[in-house]
Amino acid sequence: MSVAGYLLDFTCCFKTFKNSLYGGLKLRWFLFIIFGFITLLPLQSAATVVRIGIDNNPPLTFMDQQGRAQGLFPDLFRQIEKSKSWSIEYVPCQWQQCLESLSTGDIDILPAIAYTERRAEKFNFAKEVVISSWGQIYQRSDGNLSSVLDLAGKKIAVLKKDVYLVGNQGLLHIADKFNVKINYLKVSSYQEAFSHLKNGDVDAAMVGRIYGIKNRQKFNLLPSPIMIKPIQVRPAFSPAISQQFIADFDQLLHDWKLSSSSIYYELLDKWLGEKTAATLPSWLKILIYSLIAVLGLLFFITFWTRKQVKIKTQALLERQQQYQAFFEESQSIMLLIDPDTAGIVDANPAACKFYQYSREQLKNMKMWHINQLGEAKVRSRLTKAKKQTQQQFERIHTLADGRKIPVEVYRSPVLAKGQTLLYSIIHDISKRKKAEQALEERNLFLQSVIDGVSDPMMVIGLDYQILQLNRSAQTQWSHASIAGENFTCYHHSHASLVPCSGKEHPCPLQQVKDTKQPVTMIHRHDSDRGERIVELVASPLFDPHGKLYAIIEVARDITERLEIEELLSKNEKRLHHLAHHDALTDLPNRLLFEDRLNQALSKAQRSHRQVALFFLDLDHLKAVNDNLGHDYGDLLLIDIAKRLRKCVREGDTVARMGGDEFLVLLEDIESIEMIEMMAERICVALTHDLIKDDFSQKISASIGISIFPEDATSGLEMMKHADLAMYRVKNSGKANYQFYSAPQGRFLFD
């Protein structure tokens with residue numbers, strides 16, 4: 001409520017209160033209370049600060065040289081500031097910065113923004129539309145743009161993320177619909193777009209109509225007839241701002257629109273040079289129209305009819321002139337054809353230049369004179385074309401010099417003076433055809449290259465569609481005969497409805513998508529030759545922007561290679577075993593025993609433990625060989641080896657030196673008693689009577705023992721000292737054991 005309102009209320013209260021004064025209450029006390037209330041009133045009516053973003057978009061919003069916000073919207077909000085308790089703070093910003101500030105709440109209002117459904121999901125828009133505008137293509141004075149088709153191959157300056165560019169009916173959508181390829185130069189402001197066009201950096205520029213009207217003369221530019229769908233311009237409010245602000249704005253703008261003399265229409269006339277008619281209430285319109293109909297129906301009916309005919313005639317003439325100008329000045333090849341006679345009714349200058357005939361010559365020709373289909377087919381197709389809408393096709397046309405040029409034709413029926421004609425727009429596509437042929441030849445070359453690879457190779461899209469494959473892949477996987485036929489590569493052995501997975505069939509595409517790196521994996525497949533093992537090497541394939549869009553997969557059947565490797569591995573293990581074991585007893589030979597002895601000594605040095613070595617010589621083997629033969633002696637050696645294995649611990653080593661000599665290596669010795677107990681066990685196990693027919697012989701073993709580190713510091717010394725101790729046993733009667741030197745104590749620990 002305004003201050004005047006508060007005073008009015010208090011005046012009424014004062015009169016009531018004055019009439020009800022009782023007793024000694026004086027008038028001055030009442031005036032004192034009113035004065036105090038008025039003094040505090042401004043504190044209650046403090047204005048709210050509203051931050052409004054201003055980007056450089058004249059005449060809607062811009063900052064002048066003195067740093068003041070100018071334009072239609074700043075003037076409009078200044079009027080609102082006077083009517084509401086707003087204190088406006090203008091914040092200059094670039095367009096993208098303005099949008100980001102509105103999203104983050106750094107500004108409260110972005111006044112001049114095109115309304116779209118996508119933006120409405122993000123911001124709160126006013127319900128009342130301030131102005132409507134549309135995009136327009138501008139060109140230099142020497143330009144000849146007349147339709148969207150003329151934009152093909154042109155370079156156009158456009159505002160980044162402009163609604164006229166990316167909207168549902170924006171230029172991107174229209175160009176895609178007509179299959180027109182445009183080179184876009186994205187700029188940060190309309191002024192920058194016009195500057196590039198004026199300097200010759202681009203062929204055209206797309207800006208809002210309002211900006212173009214106010215600024216095209218300054219840049220000496222002309223509007224083209226190419227326009228983009230209109231949009232509504234409304235203020236957008238930050239999601240954090242109170243809904244009351246939006247309601248206040250809508251109410252004021254709505255009230256202003258009802259009066260043609262309001263400040264709203266004055267500002268439109270000031271900044272845009274146009275004034276939109278006020279919208280009358282519906283009941284008033286009905287009343288006025290009723291009165292006019294009753295009072296002036298008969299008087300004005302003839303005048304109104306003549307006026308409408310004149311207006312329509314004038315509009316028709318203007319439209320005819322526009323079409324004629326479009327037809328004559330267009331750089332596109334255009335023909336008007338009579339479908340009944342196949343004759344060329346008219347041709348524009350671009351057609352004369354292309355076909356190398358004069359206009360009169362073309363008008364005296366039939367379509368089969370330039371079309372390679374022949375008279376019968378031309379007549380038949382033109383007859384059908386009368387009943388069709390728009391058609392698009394490719395043909396070969398013959399020029400005056402005999403050259404045959406591929407063309408693309410856009411054709412549709414039109415009505416002219418009660419007669420149906422065919423309006424054709426023709427494009428020379430010879431360059432495109434050459435490019436397509438070159439591309440096809442390159443594709444054939446690349447296909448021949450990958451067909452030369454003996455391993456199956458495929459290019460697989462992220463949706464598992466096969467994009468390309470070589471001849472080897474077609475041969476190996478018959479269901480993948482042709483690329484591009486919507487074949488899904490889930491398994492190589494058979495078609496499947498789900499991607500490969502698991503240990504037997506890990507998915508190469510998924511792993512490349514996850515890592516963006518080449519991967520190698522193994523698949524196992526069943527075939528008519530049994531299980532086959534396939535090695536897959538998958539590499540990522542990126543587009544020019546660095547985005548992954550496919551993988552290159554090379555498959556190789558490695559079943560035979562793995563079988564050979566496994567066989568070689570077995571043979572290698574067998575040869576290794578033969579090289580380190582005795583062929584007769586299968587005990588470790590001297591080579592393996594020395595390796596284990598050196599390892600045991602190294603371990604003992606680190607752990608400060610002792611190692612014992614037994615040198616065994618079998619007694620009376622010569623007598624067995626002499627009486628029973630060497631074969632029986634070999635059987636005895638095999639039996640001795642078995643007995644020795646049973647005597648020792650699992651971690652101990654039994655080896656054959658050769659002939660009747662054996663070695664025993666004992667690790668992790670705890671006491672001298674352990675060594676003596678092991679020596680006695682071996683003596684008992686090997687001592688037995690050998691009886692064969694009439695031959696009888698007592699078998700036993702002589703054992704020499706050396707201990708590390710008491711008797712030796714190396715493996716060679718231990719074997720040498722154990723051998724000497726063994727010979728002492730031989731000389732003292734055999735069938736016993738003896739230490740190289742008498743142990744110094746009963747325990748061998750340090």
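So which residues in region 186-222 are part of a strand (DSSP E or B) and surrounded by fewer than 16 Cβ atoms within 10 Å (Cβ to Cβ), if there are any at all? First the steps, then the outcome.
Let us first name the residues in region 186-222 that are part of a strand (DSSP E or B), namely 186-187, 204-208, 222.
Once the filter is applied, which keeps residues that are part of a strand (DSSP E or B) and surrounded by fewer than 16 Cβ atoms within 10 Å (Cβ to Cβ), region 186-222 yields Lys186, Leu222.
Considering only residues that are under 42 Å from the mean Cα position of the chain (by Cα) and surrounded by fewer than 18 Cβ atoms within 10 Å (Cβ to Cβ), look in region 242-271 and name the one that is nearest to Ser133 (Cα to Cα). Outline the logic, then answer.
Quick first cut of region 242-271, residues under 42 Å from the mean Cα position of the chain (by Cα) only: 242-243, 245-246.
Going one step further and asking which of them are surrounded by fewer than 18 Cβ atoms within 10 Å (Cβ to Cβ), we end up with 242-243.
Numbers: Ser242: 28, Gln243: 26 Å.
Ranking the qualifying residues of region 242-271, first place goes to Gln243.
Any residue at all in region 539-554 that is crowded, with 17+ Cβ neighbours inside 10 Å and in a helix (DSSP H, G or I)? Looking for residues that are crowded, with 17+ Cβ neighbours inside 10 Å and in a helix (DSSP H, G or I), one finds none in region 539-554, hence no.
Considering only residues that are in a helix (DSSP H, G or I) and touching a helix residue (DSSP H, G or I) at 6+ places or on another chain (Cβ under 9 Å), which ones fall in region 567-583? Explain how you work it out, then say what you get.
Here is the first cut: in region 567-583, the ones in a helix (DSSP H, G or I) are 567-580.
Residues satisfying the conditions are Ala579, His580.
Scanning region 452-475 for residues that are of a type outside the set (A, V, I, L, M, F, W, C) and either touching a strand residue (DSSP E or B) at 6+ places or on another chain (Cβ under 6 Å) or touching a residue at least 40 places away in the same chain (Cβ under 8 Å) (or both) turns up Asp455, Pro456, Gly461, Tyr464, Gln468, Asn470. Is one or more of the residues making up region 503-516 over 13 Å from Pro456 (Cβ atoms) and modelled with pLDDT under 65? Yes; the residues of region 503-516 include at least one that is over 13 Å from Pro456 (Cβ atoms) and modelled with pLDDT under 65. Does region 517-535 contain any residue that is in contact with a strand residue (DSSP E or B) (Cβ under 9 Å, 6 or more places away or on another chain), modelled with pLDDT under 70 and of a type outside the set (Gly, Ala, Ser)? Checked against the condition, which is being in contact with a strand residue (DSSP E or B) (Cβ under 9 Å, 6 or more places away or on another chain), modelled with pLDDT under 70 and of a type outside the set (Gly, Ala, Ser), region 517-535 yields at least one hit.
May I ask you to list the residues in region 61-86 that are assigned to a helix (DSSP H, G or I) and not acidic (Asp, Glu)? Spell out how you get there, then give the answer.
Taking region 61-86 and keeping what is assigned to a helix (DSSP H, G or I), we get 72-83.
Answer for region 61-86, where residues must be assigned to a helix (DSSP H, G or I) and not acidic (Asp, Glu): Leu72, Phe73, Pro74, Leu76, Phe77, Arg78, Gln79, Ile80, Lys82, Ser83.
Of the residues making up region 143-185, those that are touching a helix residue (DSSP H, G or I) at 6+ places or on another chain (Cβ under 6 Å), in a loop (DSSP other than H, G, I, E, B) and in contact (Cβ under 8 Å) with a residue 40 or more places away in the chain number 2. Of the helices (runs of 4 or more DSSP H) lying entirely inside region 584-688, the ones with 3 or more residues being assigned by TED's automatic domain parsing to the domain that holds Lys734 and either acidic (Asp, Glu) or over 27 Å from Asn731 (Cα atoms) (or both) are found at 590-607, 630-647, 672-686.
Checking the structure you have, find out if any residue of region 87-108 is assigned to a helix (DSSP H, G or I), surrounded by 12 or more Cβ atoms within 10 Å (Cβ to Cβ) and among the acidic types (Asp, Glu). There is at least one residue in region 87-108 that is assigned to a helix (DSSP H, G or I), surrounded by 12 or more Cβ atoms within 10 Å (Cβ to Cβ) and among the acidic types (Asp, Glu). Within region 404-418, residues that are outside the structural domain of Arg381 (by TED's automatic domain parsing) have Cβ atoms under 8 Å from residues that are in a strand (DSSP E or B) and surrounded by 11 or more Cβ atoms within 10 Å (Cβ to Cβ) in no pair, counting only partners at least 6 apart in sequence or on another chain.
I need the helices (runs of 4 or more DSSP H) fully contained in region 341-398, keeping only those with at least 3 residues that are touching a Phe, Trp or Tyr at 6+ places or on another chain (Cβ under 9 Å).
Numbers: elements: 349-355, 359-363, 375-385.
Where helices (runs of 4 or more DSSP H) fall fully within region 341-398 and carry at least 3 residues being touching a Phe, Trp or Tyr at 6+ places or on another chain (Cβ under 9 Å), they are 375-385.
So which residues in region 715-734 are of a type in the set (Gly, Ala, Ser) and without any contact (Cβ under 8 Å) to a residue 40 or more places away in the chain?
Within region 715-734, the first condition is being of a type in the set (Gly, Ala, Ser), and the residues that meet it are 715, 722, 725, 732-733.
Within region 715-734, Ser732, Gly733 qualify.
Can you confirm whether Leu587 is closer than 26 Å to Ile675 by Cβ, in contact with a Phe, Trp or Tyr (Cβ under 6 Å, 6 or more places away or on another chain) and touching a residue at least 40 places away in the same chain (Cβ under 8 Å)? Write out each step before concluding.
Working: closer than 26 Å to Ile675 by Cβ: yes; in contact with a Phe, Trp or Tyr (Cβ under 6 Å, 6 or more places away or on another chain): no; touching a residue at least 40 places away in the same chain (Cβ under 8 Å): yes.
Here the answer is no, as Leu587 does not meet what is asked.
Within region 406-423, can one find any residue that is among the β-branched types (Val, Ile, Thr), loosely packed, with under 15 Cβ neighbours inside 10 Å and part of a helix (DSSP H, G or I)? No: region 406-423 contains no residue that is among the β-branched types (Val, Ile, Thr), loosely packed, with under 15 Cβ neighbours inside 10 Å and part of a helix (DSSP H, G or I).
Looking at this structure, is Ser261 assigned to a helix (DSSP H, G or I), among the polar types (S, T, N, Q) and at pLDDT 70 or above?
Against the criterion (assigned to a helix (DSSP H, G or I), among the polar types (S, T, N, Q) and at pLDDT 70 or above), Ser261 does not qualify.
The values are calculated or read from the model by the stated rules, or taken from the named source; none is laboratory data. Everything numeric here is computed off the predicted structure, so don't read it as measured data. With ideal geometry, Cβ positions are generated from the backbone for all residues, glycine too; neighbour counts draw on all protein chains shown.
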